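Each remark here refers to the structure printed beneath this line.
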Amino acid sequence: MKQRWCNPGGDPAREWRFAALAGVTVGLALAPSAPARPSLAAASALPLAVVALVATRPRGGGPWDASVAWLVPVALVAALTGFLVGGARIHAIDGRSLRAKEGTAMQLTGFIAGAPRRDDGEVGFPLDTPAGRVLVVAQEPVEMLPIGRAIRAEGVLGRPEPWREALLRRQGIAMSLRSERIELGLGRRGGIEGAIDAVRERAERALERGMGERESSLARGFVLGEDDLIDGRIREDFRRSGLAHLLAVSGQNVVLLCLLAWPFLALLGLTLRTRLVAALCLIAIYVPVTGAGPSIQRAGVMGAAGMVAALADRPRSRWYAVLLAAGLTLAVNPRAGGDVGWQLSFAAVIGILLWSARLVPILVADADRASTRRAIAEGVAVTVTATLATAPLMAHHFEQFSPAALPANVLALPAVAPAMWLGMLAGIAGQLPAIPVEPVNWVNSLCLAYIAQIAHWLAGPDWALLTVRLPTVLSVTATYAVLIATVELALLGIRHRRGLALPRRRRRGRTTNAPGMVLPSEVRLVRGAILAVAGAVLLAVGLLLAGRPEGTAEGALVVRVLDVGQGDAILLDPPESDPVLVDAGPPGSEVDDRLRELGVDSLAAVVISHDQSDHSGGLGEVLDTVEVDRLIYGAEDARLRGAALAAGARPSRLAEGGEFGSGDLHINALWPPPELRSGSGRDPNELSLVLLASWRHFSVLLTGDAEAEVVPIDPGPVDVLKVAHHGSRDTGLDELLDRTTPRLAVVSVGANPYGHPAAETIGALRSHPIATMRTDERGEIAIEVTVSGWTAEPGGG
C-alpha cells in the first residue's frame, strides 16, 4: 500500500498554506529592517526559489517526513516574500510624508486625517496636504476638529519629539508643524473617505443627544474609540483601574456588533448566507468609521476571516484566523507590529484562545451550555484570561501592573456589552434624522455611569496601580514562559481535583482515567504541578525584583515647599522621573542653589502660575542652572516664551482641563478657563494657574495666588492644600476646606508688609481643624509619599 504524504487525519494543502502564511507573516514583521530597494540578487532569487519549490513538491508516494521537510523551504521562501513586499510597502508609506528643512515657516492646507489627541495643554492631529502628511501641534484652546474637515495651519516645521517619533513613523509622518494659527474651513474630503467621515459625524452627534457630558464622551470612546473629550481625571480612573481598554476600539466591538446585528437580520427573514454577507458589510463599514487602527484592523480581519470560512462551508480554525489577521494587518502597515495596542490585542486574543474555554468548566462545571450561569462564566473567563495575557506587556511598555484590573473588569462586565450595544444602536439610528435616539442614550447613560463609578472606586486604593519593570525583550519572554507554565499547571491541578482534568478515554476495550479515579501516576503529576507552580511563582518574583533598581522597592514622591521668603517655589520629585518645579520664587531666593544641593540637574517642567516677581523672579537663574524640558504658563506672555526658547525649553500654555506629568506624577489644571487666559485687565492673581497634582493615592492642591473667593473650583478631597496667596484674607476659604477636607495646609510666606498670613485665614484652618505648617516658622517643608502613606517634616534635609 502506498503511503500518502500527509499527517494522519491532516490536510496536506492546508499544511503548506499554513506554513506559507506563517512565513509571510514573519517576513512582514521583519520588514521594518528591509531595504527600500532590495538588491538584484535578492529580487531575482525569489522567483527561482518558487520554481524550485514547485519542482520539488512531494507527490503521492512521498513519506510524511519528506513532506514536513518540504514545508521548511516553503516557510523560508514565504518569509523572503513578506520581507521584500513589506519593505516596498514601508517605502510607499514613507513616501507620503512631508519633508522639508527644519525651521521652515509654512502655511499648509489640507484635511484632518485622524482623531486629535489632547494632552499637556496641546492638541495634535495628522494633516494630509498636497505636499504630504504632517503632524500639526497647537496650544489649547482649539475648537473641535472633525476628521476629514479642511483646515489651514500656519507654523514652523521641525522634528517631532522623541517620544512621538515611533508612533508617527508608523503613520507615515516625518515632521511636525508647531502651529500658531489654525483656521477650520468648510470643505470636506470627498470620495469614500468623505462618505465615511459623514457617517462618523452623524454617529458622534447621535451619541451626544440625551446624555450628560461625561456619559456622552465615554460613549464616543466605547463605540468610536475617540477619547479626546473625556475628562483627564476620568481617563486616569480608567487607567489606574485597568479599564482603559474600553476607551479604545478593539475586537470586542466587532464581536458585539455582529451579535447585535444577527437577530435583526434573522427577523428580516434572511438566509444564513445572506446574514453572513450582511455581517461582513457591517464589519467593512465599522472598521474605517472607528479610525481603522491596528487593533480594530485585527478585529475586523479576524471577524471577516471567520465569516468567509463559514460562507465557503470550510471548518474554521481560530489559530489560522489569528495568523491571517496578523499577516493582513502587517501587509497594510508592516510597522503595525510595533504598536502597543496591536501587541496587547493579539496577546489578549491568544490568552483567550489558550485558556478561556478550559476555565469555564472550572467556574460552572454543571451548568447547561445555554444557561445564564454559563454565559456569565464565559464572560468572566474571557476577562480573566485576557487580563493575565496582557500583564507582562503592560509592565514592559508602561512599567505598570494593575492588581485592580481583574476585579474592575469582572464588576464592569454586566454593563460593558449593553453599553456598547446601545451605543452602536444610537450610532446606527443617528444616520437617519427622523429616528429619536434619546431613549436609547438615556438607558445607555446608566450603564456608562455604572462603569465610570467602578473605575473610580477601583482606581482609589494604594494598590490599584503598582510599578513593575520588564525592560528587555528577554525579561518579557521569561515572564511569559513563567506565566504560561503557571496557568497551565494551575488549570491541570484544579481540574484534576474536581475530576475534570482527564476525560474518559477508551483503550483496548476498557475505560481508563475515569473521573474520580486517582492513579499513582496522577498523584505524582499533581504534586509535580504544585512544585512547578511554586517554582514559577518564585521565578516570577525574582524577575520582577530584578527589574527594580536597588533601593527603590517602593519609590517615593517628595514634595518640597522651598523656603523662598514671600513667594512660592514648590518642587515635586517623583521616583525615577524628572522633577517638576511649580514657580521659581522671588529674585535672589536662590532656588537654583537649592536645586544643585538636591542633585537636580534636569526638570520635566517649570510651571509659572502667573508672571509676578514673587513667583517668577528666580526663573532666569533656574533656566541657567538646570536643563528644562518645558516651561508652562497660563496667559500669553512674550517674556516667558522668549525665556523658554532662549534656554532651549519648549514653551507651553495651560488652562482648565489641560494636564501634563512626569512618570506616575499627574498634574491637572483646574483654573483658569481658556476664555479668561487673555487677561483683559483682570487682577493677575485671579488668573493664577490652580493645579491638582496626583501620585498614586496622594493629591496636593496648588492654588498659586488664586483665592477661593474668586476661583470656583471643586477638586474633591485632597491630602494637602497649598494655601492661596501666602495666606491672605480669603472669604471663600471655609467653603473650599469643606469641599477638599485636607489633612495638612501649607503656607508659603516670609516677612512682608501685607499681614500675611491673615488672622482670618489661620482661624479658618484651626476651626476645621487642619494641621498647618508655615515656611516662615518651619523653613522648607518636605512631604514624603510612599505606597503606605505620607509624612510631612520641616527642614531641608
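Of the residues making up the stretch 218-229, one or more are within 24 Å of the chain's Cα centre (by Cα), surrounded by fewer than 20 Cβ atoms within 10 Å (Cβ to Cβ) and over 20 Å from Ala429 (Cα atoms). Taking residues in the stretch 430-442 that are open to solvent by 50 Å² or more (accessible area, probe 1.4 Å), and partners anywhere that are aliphatic (A, V, I, L, M), the pairs with Cβ atoms closer than 6 Å and at least 6 places apart or on different chains are Ile435/Ala429. The set of residues in the stretch 149-177 being open to solvent by 50 Å² or more (accessible area, probe 1.4 Å) and over 24 Å from the mean Cα position of the chain (by Cα) consists of Arg152, Glu154, Val156. Among residues of the stretch 102-122 that are within 27 Å of Pro288 (Cβ to Cβ) and at pLDDT 90 or above, those with a beta-carbon under 7 Å from a residue that is basic (Lys, Arg) and part of a loop (DSSP other than H, G, I, E, B) at least six positions away or on a different chain give the pairs Phe111/Arg189. Within the stretch 401-409, does at least one residue satisfy the condition of being of a type in the set (Gly, Ala, Ser), outside any helix (DSSP H, G or I) and crowded, with 16+ Cβ neighbours inside 10 Å? Looking through the stretch 401-409, at least one residue is of a type in the set (Gly, Ala, Ser), outside any helix (DSSP H, G or I) and crowded, with 16+ Cβ neighbours inside 10 Å.
Asn409 meets all of the listed conditions (1) more than 30 Å from Leu557 (Cβ to Cβ); (2) in contact (Cβ under 8 Å) with a residue 40 or more places away in the chain but one, namely (1). Exactly one residue among Leu98, Leu127, Leu80 is open to solvent by 10 Å² or more (accessible area, probe 1.4 Å) and under 27 Å from Thr329 (Cα atoms), and that residue is Leu80. Just name the residue that is nearest to Gly423 (Cα to Cα) out of those in the stretch 447-472 that are of a type in the set (Ser, Thr, Tyr) and outside any helix (DSSP H, G or I). The extreme case among them is Thr467.
So that you can scan it fast, the table gives a plain yes or no per residue for (1) modelled with pLDDT under 80; (2) over 26 Å from Glu488 (Cβ atoms); (3) not in a helix (DSSP H, G or I):
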site: Gln297; (1), (2), (3): yes, yes, no
site: Gly303; (1), (2), (3): yes, yes, no
site: Ala310; (1), (2), (3): yes, yes, no
site: Ala331; (1), (2), (3): no, yes, no
site: Ala336; (1), (2), (3): no, yes, no
site: Gly341; (1), (2), (3): yes, yes, no
site: Ser356; (1), (2), (3): no, no, no
site: Asp368; (1), (2), (3): yes, yes, yes
site: Ala375; (1), (2), (3): yes, no, no
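When you check Ala105 against the structure, is it closer than 13 Å to Ile173 by Cβ, open to solvent by 50 Å² or more (accessible area, probe 1.4 Å) and not charged (D, E, K, R), yes or no? No, not satisfied. The sole residue among Ala426, Ala412, Ala404 that is within 18 Å of Leu246 (Cβ to Cβ) and in contact with a Gly (Cβ under 8 Å, 6 or more places away or on another chain) is Ala404.
The values are calculated or read from the model by the stated rules, or taken from the named source; none is laboratory data. Source: prediction; values computed, not measured. Please note: Cβ atoms are built from the backbone with ideal geometry, for glycine as well, and neighbour counts cover all protein chains shown. These area figures cover heavy atoms from the full protein model, side chains too; ligands, DNA and RNA do not enter into them. Shrake-Rupley method; radii C 1.70, N 1.55, O 1.52, S 1.80 Å.
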